[in-house]
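Just below is one structure, and these are the notes that go with it.
What follows draws every value from the coordinates through simple rules; no lab data is involved. This is a predicted model, so every value here is computed, not measured. Heads up, the Cβs are rebuilt from the backbone with ideal geometry, glycines too, and the neighbour counts pull from every protein chain shown.
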Amino acid sequence: MRLFEILTPKEASAILAYAEKQQFQDGKDTAHGKAKEIKENEQLSTKNPQVAKWAEQIKHKFLNDPGLKAYTHPQEFVGLRINSYKPDQFYDWHVDMGIMGGVRTDMSFTLFLTPRSEYEGGELEIKHGTHTVKIKGDAGKVIVYPTGLLHRVTPVTSGRRICFIGWIKSNIPAADDRDALFTLTTEIGRLKKEYAEKDTDKLSYVLQHMTRALAR
């Protein structure tokens, strides 16, 4: 999992100001089975034209930001929406669905819109191996993580937490493969800054060969 800056604070603030004035739907509307018992939040889908417009802008960021693109290898996006947690709302421990709308979900993301100083609680907690990682990102930052990880949003105790969330079908399905490719991409970038670009040609060949071999 990694944290990236995807929007400026001003861009995040514009989406937040709009969202705060909208009528949200019950988050249980998209919950299945047991999730209905542990999900207490609200959401605004891309049926809203303005939300759909911002969703396209966010997709564009993933497809064109070098770091995000190298980390996610995005092929398709699904389920993009804005969600909201008011005091006492939460989403207890769960794993996201492996397929949504007929699309395989390889990576999940949460783009923070509300400045973290404006609400208490509402941390995104993700179990990673034997560790639990707690994330409360600055407005405009996005946390991206493998969809299969157990996670939750802790109860908001004051204020309101609004985020843009979604899922990604990656060209590279396996998380370990994506991590290896991202590490290689990052090292090539570092070496290019220290040495002539031609000195990394062979490594770039290996990167592209591995990408083709691992892509699905």
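Name the chymotrypsin sites (Phe, Trp or Tyr not before Pro) in the stretch 111-216 that are in a loop by DSSP and that have at most 13 other C-beta atoms within 10 Å, would you? Spell out each step's value before the answer.
On the way: sites: F112, Y119, F164, W167, F182, Y195, Y205; in loops: Y195.
Filter output for the stretch 111-216: Y195.
Answer with a single label: of (i) 55, 37, 35; (ii) 59, 54, 31; (iii) 70, 39, 36, which was calculated as Cα extents along the principal axes in Å from the structure in view? For Cα extents along the principal axes in Å, the calculated option is (i).
Dipole of the stretch 175-214, Cα-centred, from +1 at each Lys and Arg C-beta and -1 at each Asp and Glu C-beta, to the nearest 20 debye? Kindly include the intermediate steps, with their values, before the conclusion.
Numbers: 7 positive and 8 negative charges, 28 e Å.
About 140 debye.
Remark: spin-label model distance E56-S13 equals 2.6 nm, labels positioned 7 Å along the Cα→Cβ axis.
How big is the dipole moment of the stretch 2-170 about its Cα centre under a simple scheme where the beta carbon of each Lys and Arg is +1, that of each Asp and Glu is -1, and everything else is neutral? Debye, nearest 20, please. Spell out each step's value before the answer.
On the way: 24 positive and 20 negative charges, 50 e Å.
For the stretch 2-170, the charge dipole is close to 240 debye.
Which residues in the stretch 96-139 place their backbone N less than 12 Å from a point set 7 Å from the Cα of E20 along the Cα-to-Cβ direction? Under 12 Å, as judged by backbone N against the label point of E20, lie 114-115, 118-119 of the stretch 96-139.
Here the stretch 140-216 is treated with +1 on each Lys and Arg Cβ and -1 on each Asp and Glu Cβ, and its dipole about the Cα centre works out to around 460 debye. For the chain, the residue among W54, A139, T114 whose Cα projects farthest onto the positive side of the dipole built from Cβ charges is W54. When the Cα gyration tensor is reduced to axis lengths a ≥ b ≥ c, the ratio a/c is 1.5 or higher for the stretch 175-214, and with a/b not above b/c it is classed as oblate.
With r as the distance between the Cβ atoms of E125 and E37 and R0 = 22 Å, compute the FRET efficiency 1/(1 + (r/R0)^6) and round to 0.05. Calculated transfer efficiency: 0.75. For the stretch 8-133, what number results from the quotient of the Cα radius of gyration and 2.2 N^0.38 Å? Against the compact-globule rule of thumb, the ratio is 1.10. For F4, the shell of other residues with beta-carbons less than 11 Å away shows a net charge of +2, using +1 for Lys and Arg and -1 for Asp and Glu.
For R212 and S158, FRET efficiency with R0 = 35 Å and r from the beta-carbon atoms, rounded to 0.05? Don't jump to the answer; show the numbers that get you there.
On the way: r = 50 Å, r/R0 = 1.44.
The value I calculate is 0.10.
Shape verdict for the stretch 1-65, please, from the Cα gyration tensor: rounded (a/c under 1.5), prolate (a/b greater than b/c) or oblate. Spell out each step's value before the answer.
Details: a/c = 2.06, a/b = 1.51, b/c = 1.36.
Verdict is prolate for the stretch 1-65.
As a calculated quantity, the FRET efficiency between D199 and D65 at R0 = 35 Å, using C-beta atoms, amounts to about 0.85.
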